[in-house]
1. Out of segment 61-72, which residues are over 14 Å from SER159 (Cα atoms), in a loop (DSSP other than H, G, I, E, B) and open to solvent by 50 Å² or more (accessible area, probe 1.4 Å)?
2. Out of segment 105-122, which residues are surrounded by 19 or more Cβ atoms within 10 Å (Cβ to Cβ) and farther than 22 Å from GLU46 by Cβ?
3. Applying the selection to segment 40-55, what residues are over 12 Å from ALA154 (Cβ atoms) and in contact (Cβ under 8 Å) with a residue 40 or more places away in the chain?
4. Can you give me the number of residues within segment 40-53 that are of a type in the set (Val, Ile, Thr) and modelled with pLDDT of 95 or more?
5. Tell me which residues, restricted to segment 1-39, are modelled with pLDDT under 90, of a type in the set (Ser, Thr, Tyr) and either in contact with a Leu (Cβ under 6 Å, 6 or more places away or on another chain) or not in a loop (DSSP other than H, G, I, E, B) (or both).
6. Could you grab me the full set of residues in segment 3-39 that are of a type in the set (Gly, Ala, Ser) and surrounded by fewer than 14 Cβ atoms within 10 Å (Cβ to Cβ)?
7. Which pairs do you get when a residue that is over 15 Å from PHE38 (Cβ atoms), found in segment 2-17, comes within reach of a residue that is among the acidic types (Asp, Glu) and at pLDDT 80 or above, reach meaning Cβ atoms under 7 angstrom, with the pair 6+ apart or on two chains?
8. What residue, of GLU83, GLU131, GLU103, is closer than 19 Å to GLU28 by Cα and acidic (Asp, Glu)?
Amino acid sequence: EALTMSDSIAVMNGGQLQQVGNAEDVYERPANAFVAQFIGISNLLEATAEHDGVRLTSGILVPAPVPADIPAGSRVQLSIRPEKLALGPCGNGRVSVDGTIVESVYMGTVTHYVVEIAPDARMIAVTQNTEDASDSTRPGVGSRATLSWRPEHALVLAS
């Protein structure tokens, strides 16, 4: 509700101010992992910063813009909102990872998918049900899946 009713939002954690900004800034560009989880759902994956992206604990290298104040070798978290992920083939400069669907929840207008990209890494994707008329056309649990996103939708946050 704060996103729709406020001109400015302040997020606090344990009496400490974490971020102040308008709804779009706080949601799209959270200052840290706490804010990313506090305002909506965010995929947060443990990683290590490298010069050309982040390396997940599973060893997967994910291209992502690493902020200048985060040195290579630093522990970070990769944050991507579920609605920014596309389920299916990628193109047009999108970043992608492959995985297996381990959960699928039909919710009417959207379906929530949980995709395991490594034994210690799962991502949630939310897709519109505009093209799929029935359960038989949506991928099910156990299906291989490709998740893709635009590079600017992946945020590297200091741990």
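The values are calculated or read from the model by the stated rules, or taken from the named source; none is laboratory data. It should be emphasised that the depicted structure is a prediction, and the values quoted were computed from it without experimental measurement. Here the Cβ positions follow ideal geometry from the backbone for every residue, glycine too, while neighbour counts run over all protein chains shown. The area values use the complete protein model at the heavy-atom level, side chains included, leaving out ligands, DNA and RNA. Shrake-Rupley method; radii C 1.70, N 1.55, O 1.52, S 1.80 Å.
1. Step one: filter segment 61-72 for residues over 14 Å from SER159 (Cα atoms), giving 61-65, 68.
Now restrict to residues that are in a loop (DSSP other than H, G, I, E, B): 63-65, 68.
PRO63, PRO65, ALA68 - these are the residues of segment 61-72 that are over 14 Å from SER159 (Cα atoms), in a loop (DSSP other than H, G, I, E, B) and open to solvent by 50 Å² or more (accessible area, probe 1.4 Å).
2. Looking only at segment 105-122, we keep the residues that are surrounded by 19 or more Cβ atoms within 10 Å (Cβ to Cβ), and these are 111, 113, 115, 117, 121.
Within segment 105-122, THR111 is the sole residue that qualifies.
3. Step one: filter segment 40-55 for residues over 12 Å from ALA154 (Cβ atoms), giving 40-41, 46, 48-52, 55.
Matches in segment 40-55: GLY40, ILE41, GLU46, ALA49.
4. Here is the first cut: in segment 40-53, the residues of a type in the set (Val, Ile, Thr) are 41, 48.
Next, only the ones that are modelled with pLDDT of 95 or more stay: 48.
The number of residues fulfilling the criteria is 1.
5. Keep residues of segment 1-39 that are modelled with pLDDT under 90, which gives 1-7, 39.
Filter once more, so that each one left must be of a type in the set (Ser, Thr, Tyr): 4, 6.
THR4 - this is the single residue of segment 1-39 that is modelled with pLDDT under 90, of a type in the set (Ser, Thr, Tyr) and either in contact with a Leu (Cβ under 6 Å, 6 or more places away or on another chain) or not in a loop (DSSP other than H, G, I, E, B) (or both).
6. Filtering segment 3-39 for residues of a type in the set (Gly, Ala, Ser) gives 6, 8, 10, 14-15, 21, 23, 31, 33, 36.
Scanning segment 3-39 gives SER6, SER8, ALA10, GLY14, GLY15.
7. Hits for this filter: zero, empty list.
8. Values: GLU131 fails: closer than 19 Å to GLU28 by Cα; GLU103 fails: closer than 19 Å to GLU28 by Cα.
Just a single option satisfies the conditions, and that option is GLU83.
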